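The structure under discussion appears below in the form of structure tokens.
Taken together, the values in this text are just the output of simple stated rules run on the coordinates, not laboratory data. Everything numeric here is computed off the predicted structure, so don't read it as measured data. Here the Cβ is made from the backbone with ideal geometry for all residues, glycine too, and neighbour counts use every protein chain on show.
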Amino acid sequence: MVDTAIFIGDIATDDVKKIADRIVDILVSPGVIPGLINGALTVPLDLGYLAIGYFDTDSRFKHQTERIRMAEAIHNDILNYDHVTNAVEMIFEKFNKYLTISQQNSVYRGVVSSVAGRLVTAKIISSIGAAVLTRVSFIGAASANSWIGKVTMLLLIGGMAERSISVSEELAIKAPEIYQLLRPHDYDLSYFLFEPAVKPFVEAIHIAHQLGQPYFNKIIEIVESQLNVN
């Protein structure tokens, strides 16, 4: 979950550095993305959300409405590779809008010499989409091999639904500009699938939106210094 403390008032140096460090990790090593996705999509976590949804009677009606929206979105194949990568691309495009041309050159060419930023982000977006698709497909296949597996899958789907809705609600509160970006396409419902890989970029965008460009630039300055140490 996003630490709301970094979004209130001035930003502590440690918080700025943590966001910058995570951005650098993903830019420099897209290979970490599958691990981030796999770590987030776990059966125990989803069953935990299922339990929370069962006992949270106050939100039950609202969540039922969201489940109907989710059913329609799934019917429209929102979980396929193209939709996932489209959602991630929208976030990166918004992130890049806060970067000057000079900053884009410094950040992205610090990763791969003379490679345009669009090509670097395209690789990251593709990696996120592939990791999500692989993990979701693995869970589905592993859960459908027996009647016990099928029952588990039904519980898992329920837990994933609760998690999807809860993360969407959290996004609307803690990063409303990203929620508003994704919501018209129902991408807010699939956000939980790729949240770990885009979280630092979302935090940086929210800081820029909430506190202004100078605060965003603090993060980018640290990213630039780490990517151009050589």
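Things to note:
- Reciprocal of mean inverse Cα separation for segment 155-230 (Kirkwood radius, Å): 13.8
- Two-site FRET efficiency, ASN38 against GLU72, from Cβ-Cβ distance with R₀ of 25 Å, rounded to 0.05: 0.35
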